[in-house]
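Please read the structure below before turning to the comments.
We did not get these values from a lab; they are worked out from the coordinates using the rules stated. All of these numbers come straight from a predicted model, not from anything done at the bench. Cβ atoms come from the backbone with ideal geometry, glycine included; neighbour counts cover every protein chain shown.
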Amino acid sequence: MSEKRSSTDLPSPPPKKTKALSAEEEQDCINNIRILSADMVEKANSGHPGAPMGCAPMAHVLFGEVMSYSPQHPKFDNRDRFILSNGHACALLYSMLHLTGYNLSMEDLQRFRQLGSKTPGHPENFLTEGVEVPTGPLGQVRLTC
């Protein structure tokens, strides 16, 4: 009889990198997030680029230094959850998931807001690994938390 493993048996995420980046390297990382997000919106000819531009520094710090997560084990129990309340800013979330190693390719990003893609105009947790809850109307997340 095979033993079923629970998500608590999964390994913890790898430790965060300890090498400090220079201010210039930090800014390059933030700019890459902004460019990737803007490119998604531009290619789709649809979407909201403002929030990803403004929130890129926050996302860089959270995903790079604060949050505990594992792209290889996206459902492990002790992970931190990034809940994007304003779902229309999802280009930021998709960029971060791609850059941190989740199963979201450049091709997926290029299909942003296209029917049947893993990157719809509002995140859906059943479509994209790393998306914790679906979002829609502003404030909906308050009910989730």
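Of all the C-alpha pairs in segment 29-144, what % are more than 21 Å from each other?
Details: 1975 of 6670 pairs.
More than 21 Å apart: 30 percent of the Cα pairs in segment 29-144.
Apply the Karplus curve 6.51 cos²θ - 1.76 cosθ + 1.60, θ = phi - 60°, to the phi angles in segment 76-81 and return the couplings in whole Hz, x for Gly and Pro.
Taking θ as phi minus 60°, the curve returns 5, 4, 8, 6, 7, 10 Hz for segment 76-81.
Sort Val131, Val66 so the one with the fewest other Cβ atoms within 10 Å of its own Cβ comes first.
Val66, Val131
Given Cβ point charges of +1 (Lys, Arg) and -1 (Asp, Glu) and nothing else, what value in debye, to the nearest 20, does the dipole of segment 29-144 about its Cα centre take?
So the dipole magnitude of segment 29-144 works out to roughly 180 debye.
How high is the relative contact order of segment 29-144, in percent, with contacts defined as C-alpha pairs under 8 Å that are six or more residues apart?
Numbers: 176 pairs, mean separation 31.6, N = 116.
Relative CO of segment 29-144 lands at 27 percent.
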